[in-house]
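Colleague: I'd like to ask some things about the structure below.
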Amino acid sequence: MANATVSLPAGVDRFPTREQSPKGNLDALSREILVLKRKLNAVILAHNYQVPEIQDVADYVGDSLGLAQQAVRTSADVIVFCGVHFMAETAKILNPGKVVILPDRDAGCSLEESCPADQLAARQAANPNLYTIAYINCSAAVKALSDVICTSGNAVKIVEAAPKDRELLFVPDENLGAWVMEQTGRPMTLWQGNCYVHVEWTHGVITRIREEHPGAPLVAHPECTQAVRMLADEVCSTEKMIGYCKASPAQAIIIATEIGMLHRLKKECPDKDFIAAPTEHCKCNECRFMKLNTLEKLYDCMEDLQPRVEMPDDLINRARAPIERMLEISARP
Ligand code: 13P
Ligand code: SF4
């Protein structure tokens with residue numbers, strides 16, 4: 001248990017969930033979280049896909065790259081990571097001496113699941129000339145086997161910096177990998193993984209929404225398939241979407257990425273209209289892993305200092321080198 005104690009309102013033995021809670025209760029819970037944060041000397045880092053009320057209490061909201069950079073910079077004793085597990089794991093790898101907690105340990109990622117470390121090790125053993133570039137959406141064990149890590153925000157730069165005399169293996173997202181190949185012209189072998197959310201958008205459904213809003217540009221995440229990316233005016237990471245939308249003269253913009261992004265976009269560009277690209281099936285643009293985190297679980301994890309991200313020192317040390325290589329390349333002009 002944490003040393004900090006926060007009392008619930010009289011007559012209440014547990015904070016309500018988002019579904020049960022009137023807005024006033026959420027506001028009360030947010031205030032308690034901020035009190036706990038000060039007592040713990042904690043920093044709350046949240047991904048752009050988190051529910052609005054979590055984004056609103058966070059110290060920093062951003063993409064995977066920005067979150068990793070913030071994790072390096074923080075002087076807080078406790079990192080409260082509101083995102084999915086691999087993101088919190090990355091923060092721990094960069095801060096082995098700090099307590100790193102997350103609201104729900106089960107917040108996984110379909111890309112991480114698609115690349116078991118033993119299968120990657122077998123592929124590498126069969127070809128010693130492989131240079132492995134791993135998208136940050138993978139386990140610590142896969143990071144430890146990789147030469148360098150990338151995010152959607154810096155993948156082009158990382159691939160351009162890869163040694164010219166090595167064969168490139170890109171894991172685990174075949175769509176991001178294909179997009180980077182288009183941008184760089186550098187051939188790569190692509191691991192056959194994908195994001196179960198981003199592959200839901202199809203050429204047909206995106207064509208229809210574009211026809212309904214002829215003046216609205218389309219911004220898509222590179223985890224979308226090539227059939228969707230080819231229809232986009234801009235393909236970029238979630239953080240770069242903010243910059244594109246701020247700079248765009250368009251009044252309305254269609255967004256093909258996880259639905260949580262719209263809260264951040266509306267806050268950053270209050271005068272613009274954002275249209276969530278629809279999928280063929282309802283609610284498929286919501287990542288079930290990202291949405292496991294709720295304000296109530298955030299409060300609980302800060303009160304209990306659990307669940308914590310823990311890893312053996314040896315794994316942390318092996319996984320840190322390719323992440324640091326990424327941060328160093330990323331910082332180059
Ligand atoms: P970003 O780094 O662009 O935010 O992407 C993370 C992610 O998981 C996209 O599905
Ligand atoms: Fe993973 Fe896709 Fe969810 Fe991003 S949106 S965390 S890639 S499952």
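Colleague: I'd like the Karplus ³J(HN,Hα) series for the range 223-239: coefficients 6.51, -1.76, 1.60, θ = phi - 60°, whole numbers in Hz, and an x wherever there's a Gly or Pro.
Modeller: Each residue of the range 223-239 in turn: 6, 5, 6, 4, 4, 8, 4, 5, 8, 8, 7, 8, 10, 6, 5, 4, 5 Hz.
Colleague: What number, rounded to the nearest 500 deg cm²/dmol, is the helix-based mean residue ellipticity at 222 nm of the chain, given -39500 (n - 2.57) per DSSP H run of at least four residues and division by all its residues?
Modeller: Details: 15 runs with 142 residues, N = 333.
When only DSSP H runs of four or more count, the value is -12500 deg cm²/dmol.
Colleague: How big is the range 120-228 on each of its three principal axes, counting only the C-alpha atoms and giving the largest first in Å?
Modeller: Dimensions of the range 120-228 along the principal axes of its Cα atoms: 51, 25, 19 Å.
Colleague: By a straight-distance test (C-alpha under 19 Å), which lysines pair with Lys143 as possible cross-link partners, with residues fewer than eight away in the same chain excluded?
Modeller: Once the sequence-local lysines are set aside, what remains near Lys143 is Lys92, Lys157.
Colleague: How large is ³J(HN,Hα) for each residue in the range 313-325, as worked out from phi by the Karplus curve 6.51 cos²θ - 1.76 cosθ + 1.60 (θ = phi - 60°), to whole Hz, x for Gly and Pro?
Modeller: Once rounded to whole Hz, the list reads 4, 4, 5, 4, 5, 6, 7, 6, 4, x, 6, 5, 4.
Colleague: Per the Kirkwood formula on distinct C-alpha pairs, the Rh of the range 150-204 is how many angstrom?
Modeller: Details: mean 1/r = 0.0842 Å⁻¹.
It is 11.9 Å.
Colleague: Could you sort out which of Lys39/Lys267; Lys98/Lys272; Lys37/Lys267 sit more than 32 Å apart by Cα distance in this structure?
Modeller: Numbers: Lys39/Lys267 28 Å; Lys98/Lys272 40 Å; Lys37/Lys267 23 Å.
Over 32 Å Cα-Cα: Lys98/Lys272.
Colleague: What fraction of the DSSP beta bridges in the chain is antiparallel, stated in percent and rounded to the nearest 5? Spell out each step's value before the answer.
Modeller: Working: 1 of 32 bridges.
Expressed as a percentage, antiparallel bridges in the chain total about 5.
Colleague: Just to confirm my numbers, what's the Cα centroid distance between the range 99-168 and the range 247-297 in Å?
Modeller: A separation of 27 Å, based on Cα centres.
Colleague: In addition: Using a 10 Å cut-off on Cβ atoms, rank the peptides 230-236, 42-48 from the highest mean neighbour count down.
Modeller: Details: 230-236: 17.7, 42-48: 25.4.
Descending packing order for the listed peptides: 42-48, 230-236.
Colleague: Which order, highest average first, do 206-216, 189-199, 77-87 follow once you tally other Cβ atoms within 10 Å for each residue and take the mean per peptide? Show your work: numbers first, answer last.
Modeller: On the way: 206-216: 14.0, 189-199: 19.7, 77-87: 24.2.
Going by the mean number of other Cβ atoms within 10 Å, highest first, we get 77-87, 189-199, 206-216.
Colleague: Here is a further query. Using the crude model of +1 on Lys and Arg Cβ and -1 on Asp and Glu Cβ, and no other charge, please compute the dipole size for the range 112-257 relative to its Cα centre, in debye to 20.
Modeller: Details: 11 positive and 17 negative charges, 58 e Å.
It works out to roughly 280 debye.
Read the figures in this text as sums done on the coordinates, not as results from a lab. This is a predicted model, so every value here is computed, not measured. Heads up, the Cβs are rebuilt from the backbone with ideal geometry, glycines too, and the neighbour counts pull from every protein chain shown.
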